[in-house]
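First the structure, in the form of structure tokens, and then the observations on it.
The values are calculated or read from the model by the stated rules, or taken from the named source; none is laboratory data. Values in this document were obtained by computation on a predicted structure and should not be read as measured data. Virtual Cβ from ideal backbone geometry, glycine too; neighbours counted across all protein chains shown.
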Amino acid sequence: MTFPKKISPAHWLKHLKLAQPKIITFDAYNTLYCTTLPVMEQYSDEAKKCGINVTAQVLTESFPTIFSNIKEKYPNYGKSEGLNADEWWGILIRDIFEPHKVPKEMIQNILKRFEGKQAYAVYPDVLELLQFLKEQHPEVVIGIISNTDPKVYRLLENLDILKYFENFTYFSYDLELSKPDIKIFEYVLDDIIKKRPNLLDDKESLSSFKKKCWHVGDELKNDLQCAHKAGWSNVLIDRTNNHGYFEKDKFISSDVSEHDLSIQKVDQTMCKIWELCEHQDSGLQLDFTSFILPNLYTFRQLFFR
């Protein structure tokens, strides 16, 4: 079989015969949920309430550099420097609004806003897939592997999806491991097998079992490529064709810089993204265990017909 190749639902039903996953893990932000408004528009709205007028465009333009600098100065959300997640985000908020003096009340308001449904919404296909798996396939372990901080626990709870992941949530802050280091996938697999030893058949090799472990995420390097290197099967969910895989007659991705990736992450909305991806039904198969898909409806068709 020649790869990469474009695939359609008709092709999947006739030719693709994939074993049902035993483990499915997801990235968090922009895979399971997205912002209701661009991040910096929400920051700007909260700033106005405190008498600070800075446009979302100005904040968005400065965000990538400030975010990168803070990550370098205080890696893993400042854990090794003794910072908690609120303090780390507080530093970012103060820096991004310089030279304005940011009151504590404004920081608290922004942090509170980004704990729930005012700032974020879950993709409809995510809810449908999680509900389907819980009801029809409870034997499949569902987890999250994300480079994020403990504040996301409260967010997931407020979005009413934490319940689907039981005790299979793996965040870089807690583990002190992060994608694209494959050690995070090794840790997760070891932990899941310890909690669910019946998943691994005595006659099955670990390398073979890994092919039934699927990671789903929206970043090429951190999700698809990292999972692939770890021996897992993998799916890149590219809802807006950021990487260019779905362009006509194009089978390689466009290079997306860290700067552009940061902009994309903060300058998007649920409604616009969902409008673009909801009715897309074709994907790209990179090899026997790697796929690029436009939404989770297509992911479900791969295994559960």
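With the structure loaded, tell me whether Val266 is among the aliphatic types (A, V, I, L, M), at pLDDT 95 or above and surrounded by 19 or more Cβ atoms within 10 Å (Cβ to Cβ) or whether it fails that test. It would help to see each step written out before you state the result.
Values: among the aliphatic types (A, V, I, L, M): yes; at pLDDT 95 or above: no; surrounded by 19 or more Cβ atoms within 10 Å (Cβ to Cβ): yes.
The answer is no for Val266.
Within the bounds of region 15-31, is there any residue that is in contact with a strand residue (DSSP E or B) (Cβ under 9 Å, 6 or more places away or on another chain) and free of Cβ contacts under 8 Å to residues at least 24 places away in the same chain? Spell out how you get there, then give the answer.
Initial filter on region 15-31 (in contact with a strand residue (DSSP E or B) (Cβ under 9 Å, 6 or more places away or on another chain)): 15-16, 18, 21-31.
Next, from what is left, pick out any that are free of Cβ contacts under 8 Å to residues at least 24 places away in the same chain: 15.
Checked against the condition, which is being in contact with a strand residue (DSSP E or B) (Cβ under 9 Å, 6 or more places away or on another chain) and free of Cβ contacts under 8 Å to residues at least 24 places away in the same chain, region 15-31 yields at least one hit.
Return the pair list, or none, for Cβ contacts closer than 8 Å from residues in region 174-201 that are closer than 18 Å to Val216 by Cα and modelled with pLDDT of 95 or more to residues that are β-branched (Val, Ile, Thr) and outside any helix (DSSP H, G or I), at least 6 apart or on different chains.
Close Cβ pairs satisfying both conditions: Lys179/Ile145; Ile184/Ile145; Phe185/Ile145; Val188/Thr25; Val188/Ile145; Leu189/Ile23; Ile192/Ile23; Ile192/Val141.
May I ask you to verify whether Asn234 is out of contact with any Leu (no Cβ under 7 Å at 6 or more places or on another chain) and of a type in the set (S, T, N, Q)?
So Asn234 fails the test.
Does Asp125 satisfy the condition of being closer than 26 Å to Gly90 by Cα, touching a residue at least 24 places away in the same chain (Cβ under 8 Å) and not basic (Lys, Arg)?
So Asp125 fails the test.
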